[in-house]
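Heads up: the structure comes next, in structure tokens.
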Amino acid sequence: MAQAIDRIADAVPAAFAADDYELKRRAIEEEFRFSREDALDALRREAETQNIALLRTPAGIAVAPILEGKVVRSDVFNSVPESLRREVHTKIAALEAEIEAILAERPEAEKARRERLLALNEQVAGRQVRAALDEPTKAFADVPGVERFLKAAGRDLIRNAGLFLGTPAQDSVKVRVGTIGDARFARYRVHVMTSASGAGGVPVLEETNPTYANLFGRIELGAAADGPPTQVARIKPGVLHRANGGFLLLDAGALLAAPAIADALARALDAEEIRFDPPSDAVGVVVGEIPDLEPMPLGLKLVVFGDRDEHRQLAKAYPRLKRHFKVEAVFDDAVERSPETIAAYARAIAGIIAKNELKPVEAGGVALLIEEAGRKAGGNGKLSLEIGHVADICREADHWARSAGRDITTVADIERVLQERKTRAPEGEGDGGSAP
């Protein structure tokens, strides 16, 4: 769209500066000018046959008697016989009525002239606008709503073609648009709310701070040239837009702390659409400033994390929201120790090393890390699922291995980290079931 606007900015001034347009414009102007002048010339000739002259003055068209081939002043005319004066006055009154009738047609003629010029301007601008929008129309023909948007934008661009021209005194001066960056063309800007990455799969997103703007997006208004900020400068998507079609992860405590947000989220899930309808007391927003945005279809799986008490409070406070949770899953913080879980833990450690680009850990070191997971679980035949704790130990051990210039992380490196952590732990925590 930005490229199309730039092409229009090049093409429209050139089209209006072309000789063909200028000839057609002059023809319309001359047609209306000659029509009025022809009527006045005919009336002037008729008046002269009656010895009356039509004179152009700064105040308009005046009528005066002619005696002996010359226009006479009023004092001279008053000296002629009264019968002649009455006859001339009668003729002058009739001519003045005809003049008024001709001049009375000027507003209608002026309106017709403007309409003809507007039609010509729209015809000339229309060719350039349609040519520039033809490429995006074809390129995005399979995207619902794009053709309708481009047609509406095209009609608006044609009506406002003057934006691409300079002042009337310099109507051939081109306006530099620069990829739609000019505020005058902000209305044609495309605001990307979400896009397919092409990588496959579905989005899985977490929002730790579920404010209205973070969930539903926000509108940023730009300052107009001669007034308050009333133009839409940017429409930023919320996490609902980005997670649409996939999964959204939220914290139960955060929803309980924001009743208005929880209600808005429930309405969106009920209606299965994303509407931009911020709370009336939104900070920095003046009533009437925010434009209406078209709602977007919403389809995602909502996952809310919290303890049992938080989930009970959520269900009691927001029954509408609770209806959307079909499955309740309880997560343990430890698993039974078995050959299968030990093997899975070893694979998890390998994943941590690969993700963080750490040095390989020798087998004895992996065994020590698994034992540490058992200690973290309380030493009751289970392994702790607090993988972050194990990842921290791997990173610290990798530091000591690099400091020693080794290619692998050894048992000694792991033991050093565990000993230092035990030393750093507050009294009573070093041997317990929890780590600092």
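Read-outs: derived from the displayed coordinates by stated rules, not from any lab. None of the values given here were measured: they were computed from a predicted structure. Reconstructed Cβ throughout: ideal geometry from the backbone, glycine too, with neighbour counts over all protein chains shown.
Data table
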| read-out | value |
| --- | --- |
| Stretchable slack from Ala363 to Arg127, in nm (0.36 nm times residue separation minus alpha-carbon distance) | 77.6 nm |
| Ordering of 9-20, 233-244 by packing [mean C-beta count within 10 Å, highest first] | 233-244, 9-20 |
| Cα→Cβ-extended label distance, 7 Å offset, between Leu84 and Lys70, nm | 1.4 nm |
| Around Gly238: net Lys/Arg minus Asp/Glu count, Cβ-Cβ under 11 Å | +2 |
| FRET efficiency estimate (nearest 0.05) - Cβ-Cβ, Leu163 to Asp41, R0 51 angstrom | 0.80 |
| Relative packing of peptides 383-395, 339-351 - highest average C-beta neighbours within 10 Å first | 383-395, 339-351 |
| Cross-link table Lys70/Lys91; Lys24/Lys111; Lys359/Lys382; Lys236/Lys322; Lys382/Lys422, entries beyond 24 Å C-alpha to C-alpha | Lys359/Lys382; Lys236/Lys322 |
| Estimated inter-spin distance, Ser403 and Val190, nm [label 7 Å along Cα→Cβ] | 5.5 nm |
| Potential extension, Ala315-Leu117 segment - 0.36 nm per residue separation minus Cα distance | 64.7 nm |
| Sorted peptide list for 370-382, 319-331, criterion being average Cβ within 10 angstrom, highest first | 370-382, 319-331 |
| Label-point separation, Ala14 to Ala139 (7 Å along Cα→Cβ), nm | 1.9 nm |
| Length gained when the stretch Lys91-Glu272 is fully extended (0.36 nm per residue, less Cα-Cα span) | 57.1 nm |
